[in-house]
Amino acid sequence: METSTALTANVRSELTRRHKTTATTVLSLLVAVVLLCVLAFVSQKFLTQRISSSLDMTVRISILIFGLGAIALRRTKFANMRLQDIAGLQGASGLLITLQRTTILVATIGILIAVLGFVATVVTGIPLYTYQAGVVAVAVLLYGYPVRNAWEQAVRRFSPENGSNPAENRQLI
């Protein structure tokens, strides 16, 4: 059950580069969510409140669906069997590309949630939409934040050039 723990220099440099880019993107989107909440707070006195029960329910359900969808998407894309197949076909580089793309996709869904809440605030004049969407967006972004150690473990576990045995890879990332 012992796998090789040494990553090649090329894989390590690509891992470092892709992780740094992805982490910077996710952190930037976190800052954007906070700025949207601040903007909603500041613009509160300039907006006229218009109550709309149909919009209220639509926005809340949409935020819930996008939030749960982001979690389901990440869990599906990071399933062990899927990562094992990608690493077997495309190697460590393909695995890292998949980790990066999936993380950015989940982060995009997170910022989409925040923008949806902000648009609802602009339309209705009620800043609570932005705050609620901001909380869900931050939760999604933190859930999808790329943990470097987990990425390294995935590359070590699934990459064929590191001598791993796919039959031994039963734990989740």
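No lab work stands behind these numbers, since they all come straight from the coordinates. The shown structure was predicted, so the numbers you read here are calculated from the model rather than taken from an experiment. Backbone-built Cβ (ideal geometry, glycine too); neighbour counts: all protein chains shown.
Worth pointing out:
- Order of Val122, Val11 - criterion: other Cβ atoms within 10 Å of each residue's Cβ, fewest first: Val122, Val11
- Longest site-free stretch - the chain; sites: trypsin sites (Lys or Arg not before Pro), DSSP loop, at most 12 other Cβ within 10 Å: 51-169
- Since only Ala150, Leu128, Leu68 are under comparison, the one whose Cα sits farthest along the positive direction of the charge dipole of the chain, derived from C-beta charges on Lys, Arg, Asp and Glu, is Leu128.
- Mean Kyte hydropathy of -0.5 or more with a Cα span along the axis of at least 20 Å, helices from DSSP in the chain: 9-42, 53-77, 80-124, 128-143
- When the P(r) of region 1-83 is calculated, the portion above 14 Å amounts to 82% of the C-alpha pairs.
- Normalised contact order of the chain, rounded percent, pairs of Cα under 8 Å and 6 or more residues apart: 38
- If R0 is taken as 41 Å, the Cβ-Cβ distance between Thr8 and Met57 corresponds to a FRET efficiency of 0.15.
- Prolate/oblate/rounded label for region 60-112 (Cα gyration tensor, a/c 1.5): oblate
- Per-q log10 I(q)/I(0), region 30-165, q = 0.10, 0.12, 0.21 Å⁻¹ (Debye; single scatterer per alpha-carbon; no solvent): -0.43, -0.55, -1.08
- Rg over Rh [alpha-carbon atoms, Kirkwood Rh] for region 3-47: 1.43
- Cβ-based net charge around Thr103, under 11 Å, with every Lys or Arg adding one and every Asp or Glu removing one: +4
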